[in-house]
């Protein structure tokens, strides 16, 4: 029988009021004077605790173990979901602004984001450059540029989706949740899948396990994504940026020709100070696949 992964560095959990919501924070260690807070923001259908494997691999800094915080985004994990039937990208940026003001009011932070979280931290670093000392984007590619002619169709799709109830599949057991995680990412070891499952889902009164995510996240965002807007924002980033990509990522294939690796690199070139790293034997969930290699890249960059 496989036992769940045993975390090396203990975390504690607390709730923080953020824009009318109770935000759940996973935190490792306590703030150290003179040491920037490390803030790690997860991706779509993930949770803050998902960074545990990387945290366990991070080397101690000059002042000892870093204080690291990993919030759950609104409507994910154990953060409260707002009374809404849709989620808006700008709200994530607003939440991040409030979180950093509360967690590190007097000093800039080192900021990491994965996937959706990577897109949010890029925007935030462009509009609040003085609040970020070092910036790390893990596989946050942005989205295909949506031509203006497509805007009405996207809005129609959103209106139609509002009329359809959204739901997430329940699971009979925690083991079933873990098996689903392994199916999504075949590189994920069973012990880590079992550990993650307990943070991704919880049992209901009927004994069924349900993912800790608001099903309204499944609806599209009706606001068109404009590459020109992203480029203008990314151009305003002043913090050094570390872009980390999994070597086995297939951006071109994922978007079916609508968005390419070359197009992303053209956008990334507008960021004033960029360093790039590729991790071998890793897919999109690179913080699960190669936590030691990622931690080494982070440590070198932050130092």
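The values are calculated or read from the model by the stated rules, or taken from the named source; none is laboratory data. In this text, all values refer to a predicted model and were calculated from it rather than measured experimentally. With ideal geometry, Cβ positions are generated from the backbone for all residues, glycine too; neighbour counts draw on all protein chains shown.
Counting the residues of region 31-57 that are modelled with pLDDT under 95 and either closer than 14 Å to residue 295 by Cα or surrounded by 19 or more Cβ atoms within 10 Å (Cβ to Cβ) (or both) gives 0. Quick check on my filter: what residues within region 201-211 are in contact with a helix residue (DSSP H, G or I) (Cβ under 9 Å, 6 or more places away or on another chain) and either without any contact (Cβ under 8 Å) to a residue 40 or more places away in the chain or within 17 Å of residue 291 (Cβ to Cβ) (or both)? Those that are in contact with a helix residue (DSSP H, G or I) (Cβ under 9 Å, 6 or more places away or on another chain) and either without any contact (Cβ under 8 Å) to a residue 40 or more places away in the chain or within 17 Å of residue 291 (Cβ to Cβ) (or both): 201, 203, 209. Evaluation of residue 19 against the conditions (1) on the phi < 0 side of the Ramachandran plot; (2) loosely packed, with under 15 Cβ neighbours inside 10 Å shows that the sole unmet condition is (1). Is it the case that region 71-84 has a residue that's touching a residue at least 12 places away in the same chain (Cβ under 8 Å), within 23 Å of residue 129 (Cα to Cα) and over 14 Å from the mean Cα position of the chain (by Cα)? No, region 71-84 has no match at all. Checked against (1) outside any loop (DSSP other than H, G, I, E, B); (2) crowded, with 17+ Cβ neighbours inside 10 Å; (3) under 20 Å from the mean Cα position of the chain (by Cα), residue 292 passes all but a single condition, namely (2).
Of all the listed residues (303, 273, 248, 252), the sole one being surrounded by fewer than 17 Cβ atoms within 10 Å (Cβ to Cβ), at pLDDT below 95 and touching a strand residue (DSSP E or B) at 6+ places or on another chain (Cβ under 8 Å) is 303.
Every residue, every condition in (1) closer than 30 Å to residue 201 by Cα; (2) in a loop (DSSP other than H, G, I, E, B), yes or no:
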site: 220; (1), (2): yes, yes
site: 223; (1), (2): yes, yes
site: 231; (1), (2): no, no
site: 244; (1), (2): yes, no
site: 256; (1), (2): no, yes
site: 265; (1), (2): no, no
site: 272; (1), (2): no, yes
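The residues of region 92-109 that are touching a strand residue (DSSP E or B) at 6+ places or on another chain (Cβ under 9 Å), surrounded by fewer than 17 Cβ atoms within 10 Å (Cβ to Cβ) and assigned to a loop (DSSP other than H, G, I, E, B) amount to a single one, 107.
Residue 133 passes every criterion in (1) touching a helix residue (DSSP H, G or I) at 6+ places or on another chain (Cβ under 8 Å); (2) within 23 Å of residue 55 (Cα to Cα); (3) not in a helix (DSSP H, G or I) apart from (1).
A quick yes/no check of all residues on (1) surrounded by fewer than 14 Cβ atoms within 10 Å (Cβ to Cβ); (2) at pLDDT 95 or above; (3) in contact with a strand residue (DSSP E or B) (Cβ under 8 Å, 6 or more places away or on another chain):
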site: 158; (1), (2), (3): no, yes, no
site: 175; (1), (2), (3): no, yes, no
site: 189; (1), (2), (3): no, yes, no
site: 193; (1), (2), (3): no, yes, no
site: 196; (1), (2), (3): no, yes, no
site: 204; (1), (2), (3): yes, no, yes
site: 212; (1), (2), (3): no, yes, yes
site: 240; (1), (2), (3): no, yes, yes
